[in-house]
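Bear in mind that the values in this text are calculations on the coordinates, not laboratory data. In this text, all values refer to a predicted model and were calculated from it rather than measured experimentally. Positions of Cβ are backbone-derived with ideal geometry, glycine not excepted, and every protein chain shown enters the neighbour counts.
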Amino acid sequence: MIVLWSATAAPRRAGFAVSRQIRGAVRRNRARRRLREAYRAARTVAPAHAAVVIIGRPASLHTPFATLTGELREALAEIPGSRL
């Protein structure tokens, strides 16, 4: 997964995109849903004023959910201004 971010004056918001490397709309949508749920579990560590885009890669389909959430939590914690 790739996490892009930008500081904003607006409250925190997130967008999700999934690479076309994941073949089939059903599989892409499943990867997007998994990333969305992982973000919901980890959003407390993200900065309050940031726009985040999370780009899913093929591994996001097969990685255990706990690992996916942990990796996303670590990535969001690296953003300046985030809460640990």
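Listed values, structure above:
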item	result
Some residue of segment 55-75 being more than 12 Å from residue 2 (Cα to Cα), touching a residue at least 24 places away in the same chain (Cβ under 8 Å) and of a type in the set (Val, Ile, Thr)	yes
Inter-residue pairs, beta-carbon under 9 Å, first over 20 Å from residue 43 (Cβ atoms) and in segment 16-31, second part of a strand (DSSP E or B) and among the small types (Gly, Ala, Ser), 6+ apart	19/56; 22/56; 28/56
Residue ranges of strands (runs of 3 or more DSSP E) in the chain with at least 2 members surrounded by fewer than 15 Cβ atoms within 10 Å (Cβ to Cβ)	2-7, 13-18
